[in-house]
1. When the helix-only estimate is applied to the chain (DSSP H runs of n ≥ 4, each -39,500 (n - 2.57), divided by the residue count), what is the mean residue ellipticity at 222 nm, nearest 500 deg cm²/dmol?
2. Ranking request for peptides 5-11, 18-24: highest mean number of other beta-carbon atoms within 10 Å first, then the rest in descending order.
3. Starting from the coordinates of the alpha-carbon atoms of the range 20-73, obtain the Kirkwood hydrodynamic radius over all distinct pairs and give the value in Å to one decimal.
4. Which order do peptides 130-139, 94-103 fall in by mean Cβ count within 10 Å, highest first?
5. Output the relative contact order of the chain, whole-number percent, from Cα pairs under 8 angstrom with separation of 6+ residues.
6. Rank-order 117-123, 57-63 by packing density, defined as the average count of other C-beta atoms within 10 Å over each peptide's residues, highest first.
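Please treat every number below as a calculation from the coordinates, not as lab data. Because the structure is a prediction, the values reported are computed rather than measured. Cβ: placed from backbone, ideal geometry, glycine included. Neighbour counts: every protein chain shown.
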């Protein structure tokens, strides 16, 4: 979930892994999800849209109800040394959802179309979730919407980070 959550961060969560589907979620929340691709193991993703909404992606653009979520470039950062990154630098931008929730996202390239997705209407009682590191995230673009009862909590405050300025922020 870089750049909003970093290795070693400790954060507070509303909800409990054992009691999923009961924590209220709003678009833009970082949620703990029982990931269907890894046998229900919990992962962190960002909730983007709930049942009834239409979502699509084109390159870096997240399109909700036919309108691209605004993106504004922030900086370029060096990609971690890893075989999974096809580039040496990542573009960081701020994305804003229709409910005015904003957060940073990392992208390989603004022209990359590896994860383009045709318009999809999210079924009722489901959420479309994505990682904030868009070029390196297995999420609803790959495996589809997540049932609401697979969302087990909402991260709401960073309690500890090596970067002290981030303590107290919402991821």
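1. Details: 1 runs with 4 residues, N = 171.
The helix-only estimate for the chain comes to -500 deg cm²/dmol at 222 nm.
2. On the way: 5-11: 14.7, 18-24: 12.7.
Per-residue Cβ counts within 10 Å, averaged per peptide and sorted highest first, yield 5-11, 18-24.
3. Working: mean 1/r = 0.0773 Å⁻¹.
The Cα-based Kirkwood calculation yields 12.9 Å.
4. Working: 130-139: 20.5, 94-103: 14.6.
The packing order, highest mean first, is 130-139, 94-103.
5. Details: 398 pairs, mean separation 57.7, N = 171.
That works out to 34 percent.
6. On the way: 117-123: 14.0, 57-63: 18.0.
So the peptides 117-123, 57-63, ranked by packing, come out 57-63, 117-123.
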